[in-house]
Number of protein chains: 2
Amino acid sequence: MKLKVGVSNRHVHLKQSDLDILFGQELTKQKDLTQPGQFASCEFVTIKTAKSEINNVRVLGPVRDYTQIEISKTDAYKLGLNPPVRSSGHLENSEVVTLIGPKGSITTNGCIIADRHIHITYVDKEKYNFPDKVKIKIAGEKPGIIEVNIKPSAEAFLELHLDTDDANAFLLKNGDEVEILDL
Amino acid sequence: MKLKVGVSNRHVHLKQSDLDILFGQELTKQKDLTQPGQFASCEFVTIKTAKSEINNVRVLGPVRDYTQIEISKTDAYKLGLNPPVRSSGHLENSEVVTLIGPKGSITTNGCIIADRHIHITYVDKEKYNFPDKVKIKIAGEKPGIIEVNIKPSAEAFLELHLDTDDANAFLLKNGDEVEILDL
């Protein structure tokens, strides 16, 4: 069974109160993402730490119940952080960073390395009898197999989400196809 | 069978005539590397392209018969390049970059993404009956299996060399241990 890859560059999700401080306005949609309801906004922040900073980090919408900063391990070295590998919303022991927007700044926990995960509907997870983790085979010049978490939700577009470290290690681009093993 | 990981950050090897132009002096040793005879020098260059540049890229010694620039895919995106994945010295269709040193600059081909490879002596390759490629199992929070080339030489310290994309994708650090499968 094949599925498409979506590569996630570093990005930020904001709760309403943090959005208010950083931007003083609602998010404006730049384009829809493949996951239903999710969008890339026209808003960008700077992630700042004691060691360094990264500019032009996109905010994704809509607003969430929590503020979350998703970076790669490569970014983490630049920023001098050691974030845990986590699924969205699991922010215990996440790293603290400062976010700077055009209207203000906040210092918040919520900085993680996103786990490798597959978006799938509850219905399809049941239908295909997916376990909670699967192995993904990647072809090409730097081939291999990676373990990936299954992340079911009511509405989903079937897709493997990888960060830029995983994508670049395997020379994968947005929309490339990979193969699910174990099914 | 277990072996140690050596993580290679972006670096440059120089031929004598390019060293003369860039530095106007011989390389000075900062420290020995694990591979016999190889060393990190105290000399650094800037890699420059039409799109961007990366500063403070270390030159490794001793001088070679060819100039070679080893970068990660992450670096390649920043620089606007699409280098081939290659073993050292196989520079056909490699990318062209400008190297800037304290005494001068050169524009040269030789920019590649280094393949994942294991350094091993001819004697040990024979003794352990290594094929030309092996599979490496990586444990940890982002586990998987990668295919790796065997690179035998007369003198070698047994070690898996990965670039920073591979290391960061699997959360590996210099000196970590991984397992060889297929043997």
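The values are calculated or read from the model by the stated rules, or taken from the named source; none is laboratory data. All values derive from a computational prediction rather than experimental measurement. Neighbour counts are summed over all protein chains in view; Cβ atoms, including those assigned to glycine, are modelled from backbone coordinates with ideal geometry. Ligands, DNA and RNA are stripped out before the accessible areas are found, and what is left, the full protein with its side chains, is counted by its heavy atoms. Shrake-Rupley method; radii C 1.70, N 1.55, O 1.52, S 1.80 Å.
Some notes on this structure:
- Rounded to whole numbers, the Karplus 3J(HN,Hα) couplings from phi for region B:69-80 are 10, 9, 10, 8, 4, 4, 4, 4, 4, 4, 8, x Hz, using 6.51 cos²θ - 1.76 cosθ + 1.60 with θ = phi - 60°, and x at Gly and Pro.
- Complex-versus-alone comparison for region B:54-94, residues with a loss of 20 Å² or more in accessible area, probe 1.4 Å: B:K73, B:T74, B:Y77, B:V85
- Cα-based shape type of chain B, given that a ≥ b ≥ c are square roots of the gyration tensor eigenvalues and the cut on a/c is 1.5: prolate
- Per residue, the solvent-accessible area of chain B (1.4 Å probe, heavy atoms of protein chains only, all protein chains present) comes to 47 Å².
- Taking the Cα centre of the protein assembly as shown as origin and assigning +1 to Lys and Arg Cβ atoms and -1 to Asp and Glu Cβ atoms, the resulting dipole is close to 320 debye.
- Using every pair of separate Cα atoms, the Kirkwood estimate puts the hydrodynamic radius of region B:117-180 at 12.3 angstrom.
- Total lysine pairs in region B:112-183 at Cα distances under 25 Å, for residues eight or more apart or on different chains: 17.
- Across peptide B:41-53, the average count of Cβ atoms from other chains found within 10 Å of a residue's Cβ is 0.
- Amide H contacts for B:S8 (H built 1.01 Å from N in the peptide plane; partners 5 or more residues away or on another chain; cut-off under 5 Å): B:L162, B:D163, B:T164.
- With a cut-off of 13 Å between beta carbons, the residues surrounding A:S105 carry a summed charge of -1, where Lys and Arg count +1 and Asp and Glu -1.
- Proximity of backbone amide H atoms, modeled 1.01 Å from N, is registered between A:G110 and A:S94, A:E95 at under 5 Å, excluding neighbours fewer than 5 places apart on the same chain.
- The figure for A:H161 is an accessible area of roughly 30 square angstrom, using a 1.4 Å probe on the protein chains alone.
- Among the residues of A:163-174, the average count of other protein chain beta-carbon atoms within 10 Å of the residue beta-carbon is 6.
- Scalar couplings 3J(HN,Hα) for region A:137-153, obtained by applying the Karplus form with A = 6.51, B = -1.76, C = 1.60 to θ = phi - 60°, are 9, 10, 8, x, 6, 10, x, x, 9, 10, 8, 9, 7, 9, 10, x, 8 Hz; x denotes Gly and Pro.
- Estimated FRET transfer efficiency when R0 is 45 angstrom, pair A:A139-A:C42 (beta carbons, to 0.05): 0.80
- Summed over both chains, the area buried between B and A is near 1900 Å², taken from the accessible surface of protein heavy atoms with a 1.4 Å probe.
- Cα-based Kirkwood hydrodynamic radius, region A:9-114, one decimal, Å: 13.6 Å
- Per-q log10 I(q)/I(0), region A:54-130, q = 0.12, 0.23, 0.24, 0.27 Å⁻¹ (Debye; single scatterer per alpha-carbon; no solvent): -0.42, -1.14, -1.21, -1.40
- Summarising the amide proton neighbourhood of B:Y128: residues at separation of 5 or more, or on other chains, whose placed amide H is nearer than 5 Å comprise an empty set.
- Within the shell of other residues whose beta carbon sits under 14 angstrom from the beta carbon of B:C42, the net charge comes to 0, with Lys and Arg scored +1 and Asp and Glu -1.
- Region B:103-148 and region B:1-19: distance between their alpha carbon centers, rounded to Å: 11 Å
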